[in-house]
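Read-outs: derived from the displayed coordinates by stated rules, not from any lab. These numbers come from a predicted model, not from an experiment. We place every Cβ from the backbone using ideal geometry, glycine too, and count neighbours over all the protein chains shown.
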Ligand SMILES: [Fe+2]
Ligand SMILES: [Fe+2]
C-alpha cells in the first residue's frame, strides 16, 4: 500500500464519517453504514444487527444480498417478521457460542470467516439452508462489533462475500482494517443518534409523568393535560398539511413541532400547586368540604330557639297565636333553601339576590351565651359571589397556576430548540385582545404556538367528557362558545376557521368525546 492510496482511503473514510454524522434517521443511518462498508470492501451482501433493549438478542435491522436482489430495512421494506433475532444466550442462560454474530458481541471482537463451508467453529447450517434454497454460496463473512461511547457492544456489522474480478474471495487483513476503521466512525454516528433518541424518549416519558402525577392529584386535570397536547398537535399537523389556505406558505419544522408538543403537555404544570378544593370547586362554600351543612345546623338552632321562645311566652300568655310561630319557622326554612340555592354557582347572581343574603345574615343566634350573626363574614362573601363558585381570592389562586407553570418550566436547561417551551406554556390563558392573564399580552406578542395551545385549552375545557359535577357540553354548544370568543377577539380567528373547515373538531371529537356529545353542526353558521 503506497502513501497515495493511504491518503485516498483516509479521505474516503473522512467523507464517510461526515456523511454518517449528518444522518438523523437511525434506520437510514444503519443502511448507509452497510452501503459504505459494502462499497469499500466490494462485498455482495451484509447485515446490520442491533442489540435489543434487554441485551439478550440481536435484531436484524438491515439485510442486503445484491446478487439475489434482497434488500430489507432502511429505505426499503422492513426486515420481515419471520426472520427471528439471534439469541445471545441459550435457554439455560449460557452464552450462545454457536452463532458467529452472537460471539462477535459476547467477545467484543472482529471475526473473519474465510470460508463458512470449511469452518467447524460456528454453526452455519442456517446459512447453508439459505444457500440451497436460493442457489447461492455464502463463503466469506466479516463480523465487526459496533461499540458505543462506553465501549459496550451495541450491534454487529456483518459483511458477506468479498469479491474480486467476479470471484468470491476472503476478506484480506487490509480490508478488515479498513472496515474496522469505518465501523468505528459508524459507531460514533450511531451512538450519537441513539443517545439523542434515548434523551428524547426519556424527556417525553418524563413530561407524560407530569400529566400522570396531576391525574393522581385530580383526575379531571390529568384528563385535560392528556387531551390538550393531542388537540395542539392536530392543529400543528393540519397547518403543516395546509396547501391552499392561510397556512400554505408556512409550516413548523421538526424541532418546532417537538417544542410545541412539550409545551402542550406541560402547559398546566403549575396546577401541581393549586389546592384541590379550588381546582374543582363545585359550590361557593366548598373548602375542604362543603360548609353549607354548618349553616344548616345554625338554622336548626334558630328554629328551635324560636319555638322555645314561643312556648315560653305561651306559658304567660295562652292567647298567643300559633300561626305566628308557623310563619316564622316557614321563613327560616325559606331563607335556608335560598342560601342552599345561592351556594350553587351560576352564570350571574343579581344584586337583589345578593342583598337577600345580607338581609338573612342580620339574623342572630345564641351560641355559647353569645349572640352572633347566623352567617360569618366569609360565608357572606362566598355566598354573594356573582359568577361561578370562585371568590376573588380563589380566582387569584386558580389563575396563579399559569405563572407558576412559567416559573417552574423556566428553571430547566433546555436545548436550543426547546427554549420557548416556558413562554408558549405560560401564555395559554392570554387573549389576543389583551384581556387574558397573567401578563395581558396581545396581538403580535402572542406567537402562533401560544395561540394554538390557548384554543386547544379552551375547547378541551368546554368539551371535557369527565367532569364529575358538570354535564359535558355538546359539540355544537362548545363550538358556538368558541365562535363568541373569536368575535370578542379572545382567540385566533384563523385557527378557528381551520378548526371548522378542515373538520379538526370532528377528528378530535371522534377520538376523545362521548357519542352523546355529538350533535349536528352548522359549519356555515359558525363561519359566518
Ligand atoms: Fe391553565
Ligand atoms: Fe389547561
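Just a few scattered comments:
- Its alpha carbons considered, segment 183-250 gives a radius of gyration followed by a Dmax of 18.2, 51 Å.
- Dividing the radius of gyration of the alpha carbons in segment 140-191 by their Kirkwood radius gives 1.05 for Rg/Rh.
- Percent of alpha-carbon pairs separated by more than 32 Å within the chain: 63
- Helix 254-266 and the longest principal axis of the C-alpha atoms of the chain enclose an angle of approximately 30°.
- Cα gyration tensor shape for segment 103-230, rounded if a/c is under 1.5, else prolate or oblate: prolate
- Over segment 110-155 - Rg/Rh using Cα atoms and the Kirkwood inverse-distance radius: 1.12
- Taking 20 Å as the cut-off, the amide N atoms of segment 266-282 that come nearer than this to a point 7 Å along the Cα-to-beta-carbon line of residue 439 belong to 266-271.
- Summary value for segment 392-528: 19 percent relative contact order, contacts being C-alpha pairs under 8 angstrom separated by 6+ residues.
- Average projection, convex hull of the Cα set of segment 151-306: 19.8 square nanometres.
- Stokes-Einstein D in µm²/s, Kirkwood radius over Cα pairs - segment 249-300 at 25 °C with 0.890 mPa s viscosity: 166
- Mean separation of Cα contacts under 8 Å (6+ apart) over length of segment 78-156, as relative contact order %: 27
- Nearest 10 degrees, 0 to 90: helix 351-361 Cα axis against the chain principal axis: 70
- Using the Cβ-Cβ distance between residue 323 and residue 212 with R0 set to 45 Å, the FRET efficiency from 1/(1 + (r/R0)^6) comes to roughly 0.10.
- Principal-axis analysis of the Cα atoms of the chain puts helix 219-241 at an angle of about 50° to the longest axis.
- Separation between Cα centres of segment 449-526 and segment 83-104, rounded to whole Å: 55
- Prolate/oblate/rounded call for segment 214-343, Cα gyration tensor, a/c under 1.5 rounded: prolate
- P(r) of segment 393-466 over all Cα-Cα pairs, binned every 5 Å from zero, in whole percent: 3, 16, 22, 25, 20, 10, 4, 0
- Cα shape, segment 323-465, gyration tensor, a/c 1.5 rule: prolate
- Taking every C-alpha pair closer than 8 Å and separated by at least 6 residues, the mean separation divided by the residue count of segment 357-443 gives a relative contact order of 16 percent.
- Distance histogram in 5 Å bins (all Cα pairs of segment 408-528, percent per bin): 2, 11, 20, 20, 17, 15, 10, 4, 2, 0
- 5 Å-binned pair-distance histogram of segment 1-142 (Cα, whole percent): 2, 8, 15, 19, 21, 17, 10, 6, 2, 0, 0
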